[in-house]
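One structure, as structure tokens, below. Some questions next.
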Amino acid sequence: MKTESRLEKILAAGHMAVTSECGPPRGALPEKVKEKAEMLRGCVDGINVTDNQTAMVRMSSTAACIIIKQMGLDPILQMVTRDRNRLALQSDIIGAYAFGINTMLCLSGDHPRFGDHPMAANVYDLDSVQLIQTVKKMRDEGKFQGGADIANAPKMFIGAAANPFADPFELRVMRLAKKVNAGVDFIQTQCIFNLDKFELYMKQVCDRGLHEKVAILAGITPMKTAGAARYMKNKVPGMDVPDEIVKRMEGQPKEKQAEEGVKIAVEAMQRIKEMPGVRGFHIMAIEWEQKVPEIVERAGLLPRPEV
């Protein structure tokens, strides 16, 4: 029996969706997962649970998703192809679905050299596009990738990521089209700071009619400090932070920088809300989950609709 994804229902009803993120702890600490997830209750339609983000060992995404599901909330299982072959990926998908987890995000994953096990072997048996195809086949045809039938196929609502700012920019929409053709239902983008460039990206998405085939959730990250803004501008690949944002953060005294970061995030959401083709927001408040309700409220997206 299909367990309907809340995110799917929100999007089907034509509402602006809101998702956020919960990074699992680096230890067997279920209370940490509960603490972060509780902060997001009532203000988001799904909680992404990252899968060994930045190639650092953490509690498994599946385990943390089960904890969140048992709280009566809506987890989104992130799954990277870096660490598992196609047997393990499919096994984990049906395992998660057995616990009622019905929404997932298909990713490649950060290279191990960025994390705490730089010598770890990469698997990448499938890439993110092939993982989308695999999940779609499992859901729509009730078949494993190898062709065998699945008993009680996992009816996953399928997501993926997109970076509108990576080089070369002109290939970004083509890359999105590949994921759409593979069968993705929703996209969460990289953090957006360069609004002009994102507007151009969304125009290209709409010109190709892709916005009619996939729901795009715009990525938002509130910055706590001017130092964080500089770091994102200079050190994070594929991130586009305009100089005026950095200057705006630097122009505030230290104790007011966090508030300015929230203000910038809310202003970005107000502008992005008006862009054709955008269906919602994915708020990545890394280790700052307590700010998410305020950001969602100030952006005019509370209360969340009943579906």
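Read the figures in this text as sums done on the coordinates, not as results from a lab. What you are looking at is a predicted structure, and each value in this text was computed from that prediction instead of being measured. Here the Cβ is made from the backbone with ideal geometry for all residues, glycine too, and neighbour counts use every protein chain on show.
On a straight-distance basis, which lysines could pair with residue 247 in a cross-link, Cα separation under 22 angstrom, same-chain partners fewer than 8 positions away excluded?
197, 224, 233, 235, 256, 263
What are the ³J(HN,Hα) values, in whole Hz, obtained from phi via the Karplus relation 6.51 cos²θ - 1.76 cosθ + 1.60 with θ = phi - 60°, for each residue of region 58-69 in sequence order, with x given for Gly and Pro?
9, 3, 4, 4, 4, 4, 5, 4, 5, 4, 5, 4
Then there is this: Starting from the Cα of residue 125, step 7 Å toward the Cβ, then list every residue of region 52-86 with an amide N under 11 Å from that point.
83-86
Cross-link candidates for residue 36: which aspartates and glutamates have Cα within less than 20 Å, leaving aside residues fewer than 8 places away along the same chain?
Leaving aside aspartates and glutamates fewer than 8 places away in the same chain, those within reach of residue 36 are 21, 45, 51, 74, 287, 289, 294, 297.
Run the helix sum for the chain: -39,500 (n - 2.57) per DSSP H stretch of 4+ residues, divided by residue count, reported at 222 nm to the nearest 500 deg cm²/dmol.
Taking each H run of at least 4 residues, the total per residue is -12000 deg cm²/dmol.
In debye, nearest 20: dipole of the chain around its Cα centre with unit charges on the Cβ of K, R (+) and D, E (-)?
That gives a dipole near 220 debye.
Just to be sure I understand the model, the point goes 7 Å from the Cα along the line to the Cβ. What's the resulting residue 271 to residue 151 distance in nm?
Between residue 271 and residue 151, the label points sit 5.5 nm apart.
How big is region 44-123 along each principal axis, measuring the range of its Cα positions in Å and listing the largest first?
In descending order, the Cα extents are 38, 25, 16 Å.
Another one. Can you compute 3J(HN,Hα) from phi for each residue in region 160-165, using the Karplus curve 6.51 cos²θ - 1.76 cosθ + 1.60 with θ = phi - 60°, rounded to whole Hz and x for Gly and Pro?
Values per residue, Gly and Pro as x: 8, 9, 9, 10, x, 10 Hz.
Just grab the label-to-label distance for residue 28 and residue 200, each label 7 Å out from Cα along the Cβ direction, in nm (one decimal).
The answer from the label model is 5.2 nm.
Sticking with this one: Calculate, in whole percent, how much of the Cα-Cα pair population of the chain lies beyond 27 Å.
40 percent
Nearest 0.05, what FRET efficiency do residue 254 and residue 287 give at R0 = 22 Å with Cβ-Cβ as r?
Step by step, r from the Cβ atoms, then E = 0.75.
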